[in-house]
Amino acid sequence: MSSNKAVFKERIIKQILTAFAFSSLLFLFLIFAFILVEGLPLFYKAGVKNIIFGMKWAPTRGFFGIFPMIVSSFLVTFGALVIGGPLGLGCAVYLAEYAGRQQKMFLKPALELLAGIPSVVYGFLGVLYIVPFIRTFFGGSGFSLLATSIVLGIMILPTVISISYDALMSVPRSYREGALAMGSTKWQSTWRVVIPAAKSGILASCILGMGRAVGETMAVIMVAGNALKIPGGLLDPLRTLTSNIALELSYASGDHRLGLFSTGVVLLFIIMVLNYFANFVIRRTVIK
């Protein structure tokens, strides 16, 4: 009897855990379906071309063009990657190849703690320090593409560092020992052997960092300037897709509200493509 009860309990626990696992997929499906149901009707009404490639956003007058915001989103994402990518990779290389045990015990949790800081704090620090610095030394209002890229570059560091570190640590020790045995220095073995062996994981960290940057909202609102135009330079203000939704959803109605959900559809598609590509790259990270 006791064995039958144990088997019965095991089956119940397995079913409960299975339900928990599939509930996350259910929530994802509901979010995806809700955004599509709310956002797709405007694509049929206004036209895909007029929304995605339109240059003017004035939904109360029938203009739903989000092309400037799409370009701005990609620009700040690229800028964040230019700033955060090399810095994050450098930190990961130091942790994996040069840091001692005590340094790792202190630095790795401290760097990962950056991921737990609310985005509004990053935006607040950007307004207090980065924006005035740019205004003083480079000109303009300070609320710009450059300020947004710097803030987002810092925000993606935990993602880039964590995944790049895991990729570097997964490189077999024999690779390092073989390079050193052939007369390479520590840096030469790291640069010529270890980093190329871990390049798939490093690339995946950058892609996931891009996904974090393109989906960020609060910090971007605070430092971007929120201008409805394609920035002509690093010091020009801009507005991203996420900022547009957050700024206007509270008072939008009718087609205006549908336009914001259409913006969400485009944003969802971009993030899904980035995540799919990152997962594809991660699956190729197996090092023989």
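Nothing in this text is a laboratory measurement; each read-out follows from the coordinates by a stated rule. From a predicted model like this one, the values you see are computed outputs, not experimental measurements. Neighbour counts run over all protein chains shown; Cβ positions are idealised from the backbone, glycine included.
Here's the list of aspartates and glutamates a cross-link from K45 could span, going by alpha-carbon distance under 17 Å and ignoring same-chain residues fewer than 8 apart: D255.
I need the shape label for the chain. Rule: rounded when a/c is under 1.5, else prolate if a/b > b/c, else oblate, with a, b, c from the alpha carbon gyration tensor.
oblate
What aspartates and glutamates sit close enough to K104 to cross-link, taking a C-alpha to C-alpha distance under 16 Å and skipping anything fewer than 8 places away on the same chain? Within the straight-line limit of under 16 Å, K104 reaches these aspartates and glutamates: E112, D166. Here the extension length gained between S24 and V273 equals 87.7 nm, from 0.36 nm per residue of separation less the Cα-Cα distance. For the listed peptides 198-205, 227-234, a ranking on the average number of other beta carbons within 10 Å per residue, highest first, reads 198-205, 227-234. I want to verify a result. In a Gaussian network model of the chain, Cα cutoff 10 Å, which of these has the top mean-square fluctuation: K56, K186, K108? Per the Cα network of the chain with a 10 Å cutoff, K186 tops the list.
Over the chain, calculate the relative contact order: mean separation of alpha carbon pairs under 8 Å at least 6 apart, over the residue count, as a percent.
Reported relative contact order: 26 percent.
With the highest mean first, a sort of the peptides 265-278, 73-86 on other beta-carbon atoms found within 10 angstrom per residue produces 73-86, 265-278. When the chain is treated as a GNM with alpha-carbon contacts under 10 Å, the residue of S162, S23, S262 showing the greatest mean-square fluctuation is S23.
Sorting the segments 134-141, 11-18, 238-245 by their mean number of nearby beta carbons within 10 angstrom, highest to lowest, gives 238-245, 134-141, 11-18. Using a Cα-Cα cut-off of under 28 Å, which lysines could be cross-linked to K14, ignoring same-chain neighbours fewer than 8 residues away? Straight-line reach from K14, under 28 Å: K5. A helix-only calculation puts the chain at -22500 deg cm²/dmol for mean residue ellipticity at 222 nm, using -39500 (n - 2.57) for each DSSP H run of at least four residues, averaged over all residues.
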